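Asks: Sharing a structure with you now.
None of the figures in this text is laboratory data; all of them are computed from the coordinates on show. Because the structure is a prediction, the values reported are computed rather than measured. Using ideal geometry, Cβ is built from the backbone for each residue, glycine included, and neighbour counts are taken over all protein chains shown.
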Amino acid sequence: MLYAGACLVVLATLTRLGLALHAGEALPGRAIPQVFLRGLWFDLAAAVFAVTPLVLWLALAPTRLARTWLYRGATVIAFFG
C-alpha cells in the first residue's frame, strides 16, 4: 500500500520536473522550489486519497476470507487492474 502511494508521488514529481524543464524561461528560477513544494504537498494528499480505499478494503476483510486466493485475485483486479 505504501508502495502504491510512493509510486504515485514519484510519477507526479517526475511529470512536474518534465513540465518545468519544458517551460524554459516561462517559469522563473525563484518560483521552482515553491512549485515543487506545493506540488509535493498536493501529491501526498492525492496519494492518501488514492490509497485509502485499498487500506480500508484490506483492513475490514475477515482473516479467513483475506487468505483465499480468490480474494487476493479480486483485490488485485479491483484496485490495480
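Asks: For the chain, what D do you get in µm² per second when you plug the Kirkwood radius from alpha-carbon pairs into Stokes-Einstein at 4 °C and 1.567 mPa s?
Replies: So the translational diffusion coefficient is about 87 µm²/s.
Asks: Can you pull the one-decimal nm distance between simple spin-label points at F42 and F80, each 7 Å off the Cα toward Cβ?
Replies: Those two pseudo-labels are separated by 2.8 nm.
Asks: With runs of 4+ DSSP H residues as the only contributors, calculate the mean residue ellipticity of the chain at 222 nm using -39,500 (n - 2.57) per run, divided by the residue total and rounded to the nearest 500.
Replies: For the chain, the value works out to -27500 deg cm²/dmol.
Asks: Okay, next question. What chymotrypsin sites (Phe, Trp or Tyr not before Pro) does the stretch 40-81 have in DSSP loop regions with at most 12 other beta carbons within 10 Å?
Replies: Hits after loop and neighbour filter: nothing returned.
Asks: Using only the Cα atoms of the stretch 35-81, what semi-axes does the equivalent ellipsoid have when each is the square root of 5 times a gyration tensor eigenvalue? Give whole Å, largest first.
Replies: 30, 11, 6
Asks: Taking the Cα centre of the chain as origin, sum charge times position over the Cβ atoms of Lys and Arg (+1) and Asp and Glu (-1), and report the length of that vector in debye to the nearest 20.
Replies: Magnitude of the dipole: close to 300 debye.
Asks: Where in the chain are there trypsin sites (Lys or Arg not before Pro) that are in a DSSP coil and have at most 13 other Cβ atoms within 10 angstrom of their Cβ?
Replies: Those that pass, being in a loop and sparsely packed, are R67.
Asks: Here's another thing I want to ask about it. For the stretch 3-30 and the stretch 55-81, compute the distance between their C-alpha centroids and round to whole Å.
Replies: Between the Cα centre of the stretch 3-30 and that of the stretch 55-81, the gap is 33 Å.
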